[in-house]
Structures are given as C-alpha cells and as structure tokens.
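Trainee: Let me give you the structure first, and then I'll get to my questions.
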Amino acid sequence: MAERLLSVENLKVSFFTAGGENQAVRGVSFHIDAGETVGIVGESGSGKSVTAKALMALTPPPGKMVAGDIKFRGESVSRLSDKDWRKIRGNQIAMVFQDPMTALNPVQKIGKQMVEVIRRHRGLNQTAALSEAIEMLRQVGITEPERRVNQYPHEFSGGMRQRVMIAMALSCQPELLIADEPTTALDVTIQAQILELLGRLKERSNTSIALITHDLGVVAQVCTRVIVMYGGMVMEEGTVEDIFYRPKHPYTKGLLRSLPKRESGFKERLVPIEGTPPNLLDPPPGCPFMERCPHAMETCAALPKVTEVSPSHRYMCWLAEGAEEARVQ
Amino acid sequence: MSEHNELLVDVRNLKKHFTKGRDVWGRTTDVLKAVDGVSFQIKRGETFGLVGESGSGKSTVGRCLLRLYDYTSGEVHYDGHDLSALGERELKPYRRRIQSIFQDPYSSLNPGMNVLELIGEPMDIHGLQRGEERKEFVASLLERVGLKREHLYRFPHEFSGGQRQRISIARALSVRPDFVVCDEPISALDVSVQAQVINMLEDLQSEFGLTYLFIAHDLSMVRHISDRIGVMYGGRLVEVAPSDELYDNPLHPYTKALLSSIPVPDPHVVSERVEWVREPGSVIPDLREVSPGHFVAME
Ligand SMILES: Nc1ncnc2c1ncn2[C@@H]1O[C@H](COP(=O)(O)OP(=O)(O)OP(=O)(O)O)[C@@H](O)[C@H]1O
Ligand SMILES: Nc1ncnc2c1ncn2[C@@H]1O[C@H](COP(=O)(O)OP(=O)(O)O)[C@@H](O)[C@H]1O
Ligand code: SF4
Ligand SMILES: [Mg+2]
Ligand SMILES: [Mg+2]
C-alpha cells in the first residue's frame with residue numbers, strides 16, 4: 001500500500017458576503033497517496049480552486065473553513081499556526097496558481113526570485129541556488145536560461161511565466177504539488193510540453209500531484225485517479241479507468257458525452273448537459289445536479305448517499321439504489 | 001450537408017502590420033507583422049475554422065474582416081464587392097450584414113443595459129424595428145437562443161457565462177446578418193455548456209443560412225463545427241483543407257505538431273507527440289494546392 005499523504009474529511013468552506021453565505025465547498029472528502037496524480041475536475045464554480053486553497057490554508061477573506069479536517073502524513077494541519085504553515089508551504093506542499101502573473105513580483109528579475117525561494121527552502125548558497133534555478137528553467141523547456149534569469153516577468157510570455165512558476169514550485173522538491181489549471185490559458189503545444197514535464201517529474205521523484213482542470217483530455221492523459229466535483233461536492237471518484245470507461249454518476253456521464261467525437265466522415269450532433277450550474281448562495285438541499293439531471297426523481301430532493309462500486313470507485317447518486325434505474329434507462 | 005458553391009468572402013493577400021517603435025522623428029522603426037499575406041475564401045452557408053497558436057494573427061484577421069482595423073494592404077471582397085475600397089458611408093450596409101461574437105461573455109456586454117436594450121442597440125444603429133414591434137421581435141429571438149421572454153428586462157450580471165454568450169448571439173442576429181465572425185465564442189464556457197452553444201450556432205446557421213468564420217483554440221470543437229479549416233502560424237496560413245482531411249492527413253509540420261498536442265480524453269490512447277520549431281529567419285511560402293481543396297505552405 002502506498003503511503004497516505006493527504007486526507008481531507010468533510011471540508012466545508014463558505015464566503016460570508018453581503019449577499020449571504022456562499023457555500024463554495026459543502027462537505028468534501030478525498031485522499032491523495034504518495035506518488036499519485038489526482039485530477040480534480042468540474043465546471044467553473046464547482047469549488048475546485050476554493051478546495052485547493054483550503055488545502056494550503058490560503059482561503060481568502062471573507063472566506064472561512066467552517067468544518068472538516070485536513071491531515072498531511074496523518075497529522076492534522078487544519079489548526080496549525082501561520083508560522084507552522086509557512087514551514088509546510090513550499091517545502092512539503094507547493095502550489096501553482098491559475099494566474100501566474102499574480103504570483104510573480106513584477107519588478108524583480110526572474111533569477112533573483114527563484115534564487116530566493118530555492119535558498120529559503122533548500123538552504124543552498126547563492127551560486128548553487130542560481131545554477132539550480134537555471135537547471136530548473138532548462139527542465140521546464142525555457143531556452144537560454146542563463147540569459148533568461150536576468151529578465152523581468154513582463155519579458156516572458158504567459159506560457160513561459162507559467163513554466164517559471166512550475167520550475168519554482170518543483171525546485172523546492174515538495175511532496176505534494178497542487179496545480180490549479182496550470183495549462184488552461186496556454187496553447188495546446190505548450191500545454192503538451194508542460195504535461196510531459198509533469199510526467200517526467202513523476203518518473204524521477206515520488207511527488208504527488210493534485211491537478212485541477214476542466215479538460216477531460218488532460219485528465220485522461222496524465223492522472224491516475226479522478227475526483228469529479230459539482231456544486232461544492234464530490235459527485236464521483238475513481239481511477240481514470242473507472243471514470244472514463246465505467247462512469248456511474250449522471251454528471252460524469254454527461255460531461256463525457258458532451259465531448260465531440262473524433263471519428264471523421266459524418267457530423268454527429270453534440271449532446272450537451274442542459275441548464276446551468278446551481279447557485280451556491282442558496283443551494284438545493286438535495287442532489288446538487290438535480291436541476292439538470294435527466295434522471296432526477298422525487299428522492300433526489302434529499303441528499304444522496306455515497307455508494308461504493310469498488311474499493312477505488314464511489315459516487316453520490318440515488319440511482320445506485322437500483323429501484324428507479326430500470327425505469328429511466 | 002448542402003453544397004456550398006457561391007463565394008461570399010474572398011480575402012486576398014491581406015496584411016496588417018502594427019507599429020511597435022518610432023524614432024525621434026516619428027518614423028516607424030519596428031513593425032509587428034500580425035497578419036502578413038493571408039488569402040482564403042469562404043462560401044455562402046459554410047463554416048470556415050481558423051486555428052493556430054496565440055498571437056498567430058487569427059483575431060486580427062477577424063477584425064480586418066469586420067473592418068474594425070484598416071488593413072495595411074490586400075483586399076477583402078464580400079459578396080462581390082471590394083470592402084477595402086469603400087468609405088465609412090458605403091460600408092454601413094456591410095456593417096449590418098457582417099456581425100461578430102467574441103470570446104468574453106463578461107466584458108463584451110455593457111453592464112448598465114438590460115437585455116432588450118443590449119439586443120436593441122445594433123437595431124438602433126441600423127434603423128430597424130422600434131417599440132412594441134421590436135420588443136416582440138427581441139422576445140422571439142431570445143426564445144430562439146434558449147432564453148425566455150422574462151429575461152427582457154434583466155441585466156448581464158444576472159446571467160451565467162453560457163447565457164451571456166446566448167445574449168451576444170441574439171445581439172449579433174438581431175440585424176439579420178449573413179456572415180458572423182465568431183472569435184473564440186466558447187473558450188470561456190464550461191465543457192457541458194460549450195456543446196449547448198455549438199448546437200445552437202449550428203441550428204441558427206441552417207435556419208438563417210448563416211456563414212461563419214469560427215476562430216478557436218479548441219481543436220476538437222473546431223473540427224466538429226467547421227467545413228474547412230485554416231491553420232495560422234506567425235501571421236501566415238500554413239495549411240487549408242476540409243476538416244476531416246486536415247485531421248486525417250495533415251501535411252505541414254506545424255499542423256502535425258498542433259494536432260498531436262491535443263490531449264485525447266481516453267486514458268488508453270497515447271498520442272505520439274511531434275514537435276516543430278520554425279528555423280529562425282525562415283520564410284513561410286505561399287499556399288500551394290497539393291490535392292483538390294488541400295493547400296499547404298511548403299516548398
Ligand atoms: N491593436 C494592436 N496593436 C498592436 N499589436 C497588436 C494589436 N492587436 C494585435 N496585435 C499583435 O498582433 C499579433 C496577432 O494578434 P492576434 O490577436 O490576431 O492573435 P490571435 O491569433 O488572435 O491570438 P490568441 O489566440 O491569443 O487570441 C500579436 O503579436 C499581437 O500582440
Ligand atoms: N474570494 C471569494 N469571495 C467570494 N466568493 C468566492 C471567492 N472565491 C470563490 N468564491 C466562490 O466560491 C465558489 C467556488 O469557486 P471556485 O472554487 O473558484 O470554483 P472553480 O471550481 O471554478 O475553481 C464560487 O461560487 C465562487 O463564486
Ligand atoms: S441523485 Fe438524482 S438528481 Fe442527482 S444525479 Fe442521481 S439521479 Fe440525478
Ligand atoms: Mg478555479
Ligand atoms: Mg485572438
């Protein structure tokens with residue numbers, strides 16, 4: 001059995017805004033083992049980024065973790081002081097954000113920023129840290145890194161900045177890397193390079209990755225396990241094979257069905273999921289997917305139970321009870 | 001699909017250069033060749049897809065077709081008329097016939113206008129129906145794009161991204177265009193909602209006989225919606241072919257690199273990725289027809 005690196009139990013995060021309590025994450029549980037690449041997928045607003053930030057104790061105000069427990073290597077970290085968190089962040093858990101510009105200092109040279117981070121986390125001297133920075137930039141596919149370290153963030157394209165962020169995160173050799181949509185804003189060719197880079201990283205180290213994305217292609221290509229979120233909850237969880245070949249939840253099935261087919265010759269009509277995601281200011285008490293689900297029935301007005309299909313595969317839907325399935329299919 | 005034979009848009013050697021630097025006398029010292037000699041044709045009723053890396057000039061081509069930019073050189077013929085030769089007054093009817101939908105459904109709608117005003121705005125510009133008659137027309141258009149009559153007096157912030165994109169589409173269609181430039185209309189939308197919007201664009205196309213230029217990053221959606229596709233690189237077209245032909249038989253190394261980068265949503269399909277880097281200083285030659293309808297820019 002692989003070592004349990006992270007476990008999240010019944011995580012709830014709300015934003016207390018003028019309009020009311022926005023229940024962004026409403027009871028999420030999952031785990032990540034050493035060496036795994038876990039994909040977290042779902043529509044925008046489903047709570048992926050809020051979950052990721054909560055894992056790093058970086059929930060911005062007016063947000064608050066209102067319930068739950070997060071364990072890292074078996075130790076609860078939910079109630080650690082800021083000082084203790086600073087030791088974990090970067091060293092053991094590192095994060096790459098959706099928008100790389102906000103995370104880089106615009107008036108400091110790239111090399112200087114990287115050297116600072118590397119020295120802080122790895123205790124290397126200036127010269128060693130600089131050559132490490134150059135080496136990491138080379139590894140993320142930045143050409144002429146010796147010259148590039150003397151440039152400022154605005155002299156890098158969006159894709160290059162994102163690679164710098166990844167290089168910085170990796171240079172600290174974290175045990176868990178949380179990457180929030182690291183390639184969403186990039187061209188597919190550059191996305192492919194970064195995904196390959198993450199793949200190579202797995203071959204050389206035991207770093208676990210939590211990869212947040214809404215691109216099912218990315219998930220299929222790089223993840224070992226998948227968590228499907230909707231309306232602030234986990235709808236389904238399983239290995240990539242479970243999710244892509246044996247999806248159980250109507251939302252997961254809907255997502256997969258909405259992708260265009262790859263065969264040529266004829267044009268098949270796309271099959272969207274009708275409707276729009278729920279409003280989390282006043283979320284429905286039952287299944288979050290109820291309004292859009294083609295199988296919705298009366299029972300769905302109550303929160304469904306979680307059903308285990310196999311030790312790796314579980315989903316949250318009343319259809320698992322079996323009774324109605326015959327009728328709706 | 002029906003045969004598309006009648007030529008609607010004919011772009012001939014289009015160039016759009018931006019000035020990057022000037023010397024102390026105000027003379028141009030540095031130009032950015034955003035679009036540097038692009039030619040293609042779109043037939044009536046057809047969807048022409050445009051793909052390529054960020055900064056390759058796709059949106060600039062779209063903006064030139066809309067005459068949001070004056071081009072540096074080249075010609076755009078629309079329904080037999082050379083638009084490049086027309087002044088603003090003569091252009092006005094074409095500004096009605098050629099409409100656009102942009103990527104960002106958040107910033108492209110004025111937040112202070114309600115739906116009726118938003119959709120009515122282009123109708124005002126072109127002096128179309130007013131009053132009750134307009135209200136009825138807009139309400140029917142809303143229903144046509146999957147929204148409701150109740151939404152007439154709501155404001156953009158009350159809608160989701162997908163719904164806002166429907167409002168943008170209704171706005172573009174309100175003046176009965178025959179050609180719509182769609183610049184990444186689904187990029188900001190969720191996967192499940194993208195399919196809703198694509199289906200709707202297809203339905204509207206067959207109902208109103210629309211012609212589309214469809215600019216996109218998502219290569220699988222582009223293949224789905226387009227009859228033919230052009231691949232741009234560095235301000236030039238490197239390949240143009242019918243959609244299936246382009247995906248099944250790509251010829252230009254950049255097209256191959258692009259297609260092989262698409263992550264396949266199937267864990268057991270591993271695509272062999274090919275890379276391509278253009279030799280510094282090399283010139284991209286003109287397109288040459290290698291088989292019927294398949295053009296490539298290779299020596
Ligand atoms: N108004 C402008 N002034 C100066 N340069 C511009 C202007 N508009 C575009 N450019 C430049 O022209 C080039 C092509 O830009 P364009 O927006 O057409 O690219 P694109 O293919 O649409 O890219 P993306 O996929 O990122 O939307 C880029 O280098 C861009 O920076
Ligand atoms: N700083 C914030 N203030 C208020 N609400 C927020 C904030 N950040 C996120 N939210 C809300 O939390 C919910 C989940 O957002 P998020 O986790 O960012 O979704 P995604 O799955 O797209 O990453 C959304 O309803 C969003 O509006
Ligand atoms: S619980 Fe009901 S509404 Fe929810 S996914 Fe299952 S069948 Fe659909
Ligand atoms: Mg997010
Ligand atoms: Mg663009």
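Trainee: Let me confirm one metric for peptide A:270-280, namely the mean number of other chain beta-carbon atoms within 10 Å of its residues' beta-carbons.
Mentor: Mean shielding count: 5.
Trainee: Determine the relative contact order of the stretch B:47-201: mean sequence separation of Cα pairs under 8 Å and six or more apart, normalised by residue count, in whole percent. Before the final figure, lay out the partial values.
Mentor: Numbers: 165 pairs, mean separation 46.2, N = 155.
Relative contact order here is 30 percent.
Trainee: Something else: Roughly how many nanometres apart are two label points built 7 Å out from the Cα toward the Cβ at A:Glu135 and A:Lys202?
Mentor: Between A:Glu135 and A:Lys202, the label points sit 2.4 nm apart.
Trainee: Separate question: For the stretch A:182-326, give the percent of accessible area contributed by carbon and sulfur heavy atoms, probe 1.4 Å, rounded to a whole number.
Mentor: On the stretch A:182-326, the fraction of accessible area on carbon and sulfur atoms equals 53 percent.
Trainee: Looking only at A:Arg262, A:Arg246, A:Arg225, which one moves most when chain A is put into a Gaussian network model with springs between Cα atoms under 10 Å?
Mentor: In the Gaussian network model the winner is A:Arg262.
Trainee: How high is the relative contact order of the stretch B:7-296, in percent, counting Cα pairs under 8 Å that sit 6 or more residues apart? Can you show the working numbers first?
Mentor: Numbers: 515 pairs, mean separation 63.0, N = 290.
Computed over the stretch B:7-296, the figure is 22 percent.
Trainee: How large is ³J(HN,Hα), in whole Hz, for each residue of the stretch A:135-150 in order, when computed from phi with the Karplus curve 6.51 cos²θ - 1.76 cosθ + 1.60 and θ = phi - 60°, using x for Gly and Pro?
Mentor: Here the 3J(HN,Hα) series is 5, 5, 4, 4, 5, 8, x, 9, 7, 6, x, 4, 7, 5, 4, 8 Hz.
Trainee: Let me ask something else. Name the residue, out of B:Gly161, B:Gly87, B:Gly74, whose mean-square fluctuation peaks in a Gaussian network model built on chain B with Cα pairs under 10 Å.
Mentor: B:Gly87
Trainee: In addition: Label point 7 Å out from B:Lys20 along Cα-to-Cβ: which residues of the stretch B:52-69 have amide N under 20 Å?
Mentor: The answer is B:53-61.
Trainee: Same structure, new question: For the stretch B:7-296, what is the number of Lys pairs with C-alpha distance below 16 angstrom, counting only pairs 8 or more positions apart or on separate chains? Could the numbers behind the result be given before it?
Mentor: Numbers: B:Lys15/B:Lys33; B:Lys15/B:Lys58; B:Lys16/B:Lys33; B:Lys16/B:Lys58; B:Lys20/B:Lys33; B:Lys33/B:Lys58; B:Lys135/B:Lys148.
The number of close lysine pairs in the stretch B:7-296 is 7.
Trainee: For the stretch B:7-296, which whole percent of the accessible surface, found with a 1.4 angstrom probe, sits on carbon and sulfur atoms?
Mentor: 49
Trainee: If you count, for every residue in B:155-162, the Cβ atoms of partner chains within 10 Å of its Cβ, what is the mean?
Mentor: Per residue, the average neighbour count from other chains is 2.
Trainee: For the stretch B:124-129, what does the Karplus curve 6.51 cos²θ - 1.76 cosθ + 1.60, with θ = phi - 60°, yield as ³J(HN,Hα) per residue in whole Hz, taken in order and with x for Gly and Pro?
Mentor: These are the phi-based 3J(HN,Hα) values: 4, 4, 9, x, 9, 2 Hz.
Trainee: Considering only DSSP beta bridges with both partners in chain A, what is the antiparallel share in %, to the nearest 5?
Mentor: 65
Trainee: With springs only between Cα atoms under 10 Å, which of A:Ser29, A:Ser46, A:Ser131 fluctuates most in a Gaussian network model of chain A?
Mentor: Looking only at A:Ser29, A:Ser46, A:Ser131, the biggest GNM fluctuation is shown by A:Ser131.
Trainee: Right, another one. Applying 1/(1 + (r/R0)^6) with R0 = 60 Å to the Cβ-Cβ distance of B:Leu152 and A:Thr127, what FRET efficiency is obtained, to the nearest 0.05?
Mentor: Using R0 = 60 Å, I get an efficiency of 0.35.
Trainee: What is the distance, in nm, between label points placed 7 Å from the Cα along the Cα-to-Cβ direction at A:Ala34 and at A:Glu75?
Mentor: 1.6
Trainee: With every protein chain left in place, what is the accessible area per residue of the protein assembly as shown in square angstrom, probe 1.4 Å? Numbers along the way, then the final one.
Mentor: Details: 28110 Å² over 628 residues.
Per-residue value: 45 Å².
Trainee: Counting other Cβ atoms within 10 Å of each Cβ, which trypsin sites (Lys or Arg not before Pro) in the stretch B:105-211 have at most 13 and sit in a DSSP loop?
Mentor: For trypsin sites (Lys or Arg not before Pro) across the stretch B:105-211 that sit outside H, G, I, E and B with at most 13 neighbouring Cβ atoms in 10 Å, the list reads B:Arg130, B:Lys148.
Trainee: If you place +1 on the Cβ of every Lys and Arg and -1 on the Cβ of every Asp and Glu, how big does the dipole about the Cα centre of chain B come out, in debye to the nearest 20?
Mentor: The calculated dipole for chain B is roughly 920 debye.
Trainee: Moving on. Please list the non-local residues whose amide H lies under 5 Å from the amide H of B:Val31, H modeled 1.01 Å from N, same-chain partners needing a gap of 5 or more.
Mentor: B:Lys20
Trainee: Right, another one. Under 8 Å for C-alpha pairs, at least 6 residues apart: give me the relative contact order for chain A, rounded to a whole percent.
Mentor: 20
Trainee: Still on this structure, please answer the following. Given a Förster radius of 41 Å and the C-beta distance between A:Arg246 and A:Leu281 as r, what FRET efficiency does 1/(1 + (r/R0)^6) yield to the nearest 0.05?
Mentor: 0.75
Trainee: When the accessible area of each residue in the stretch A:174-220 is compared between its chain alone and the complete protein assembly (1.4 Å probe; ligands, DNA and RNA ignored), which residues differ by at least 20 Å², being lower in the assembly?
Mentor: Flagged in the stretch A:174-220: A:Asp187, A:Val188, A:Thr189, A:Ala192, A:Gln193, A:Glu196, A:His214, A:Gly217, A:Ala220.
Trainee: Sort A:Trp85, A:Trp318, B:Trp25 from largest to smallest accessible area, using a 1.4 Å probe on the heavy atoms of the protein chains. Don't jump to the answer; show the numbers that get you there.
Mentor: Numbers: A:Trp85 10, A:Trp318 50, B:Trp25 185 Å².
Ranked from most to least accessible, the order is B:Trp25, A:Trp318, A:Trp85.
Trainee: Rounded to the nearest 100 Å², what is the buried accessible area between B and A, both sides summed, probe 1.4 Å? Show your work: numbers first, answer last.
Mentor: Details: alone 14960 and 16390 Å², together 28110 Å².
Summing both sides, the interface buries roughly 3200 Å².
Trainee: Within a 10 angstrom radius of each residue's Cβ in A:253-261, how many Cβ atoms of other chains show up on average? Whole number is fine.
Mentor: Whole-number average of other-chain Cβ neighbours for A:253-261 is 5.
Trainee: If we sort B:239-247, B:62-70 on the protection proxy, mean other Cβ atoms within 10 Å, highest first, what's the order?
Mentor: Most protected by this proxy first, the peptides run B:239-247, B:62-70.
Trainee: Could I ask something else about it? For the protein assembly as shown, what does -39500 (n - 2.57) per DSSP helix run (n ≥ 4), summed and divided by total residues, give at 222 nm, in deg cm²/dmol to the nearest 500?
Mentor: -9000 deg cm²/dmol
Trainee: Assign unit charges at the C-beta atoms only (+1 for Lys and Arg, -1 for Asp and Glu), then state the dipole size of the protein assembly as shown relative to its Cα centre in Debye, rounded to the nearest 20.
Mentor: 1620
Trainee: Apply 1/(1 + (r/R0)^6) to the Cβ-Cβ distance of B:Glu299 and B:Leu32, taking R0 = 30 Å, and write down the FRET efficiency to the nearest 0.05.
Mentor: 0.70
Trainee: Enumerate the amide H contacts of A:Gly39 below 5 Å, restricted to partners 5 or more residues apart or on another chain; note that Pro and chain-start residues carry no placed amide H.
Mentor: Close amide H contacts, sequence-distant or interchain: A:Leu211, A:Thr224, A:Arg225, A:Val226, A:Ile227.
Trainee: Which one of B:Thr29, B:Gly45, B:Ser140 is farthest out on the positive end of the charge dipole of the stretch B:7-296, using unit charges on Cβ (Lys, Arg +1; Asp, Glu -1) and the Cα centre as origin?
Mentor: Highest projection toward the positive end goes to B:Thr29.
Trainee: Now a separate question. Would you please state the base-10 log of I(q)/I(0) at q = 0.10, 0.11, 0.16 1/Å for chain B, with intensities from the Debye formula using one equal scatterer on every alpha carbon?
Mentor: Values, matching the q order: -0.59, -0.71, -1.36.
The values are calculated or read from the model by the stated rules, or taken from the named source; none is laboratory data. Fair warning: this is a prediction, and the values are worked out from it, not measured in the lab. Virtual Cβ from ideal backbone geometry, glycine too; neighbours counted across all protein chains shown. With ligands, DNA and RNA removed, areas are computed over all heavy atoms of the protein, side chains included. Shrake-Rupley method; radii C 1.70, N 1.55, O 1.52, S 1.80 Å.
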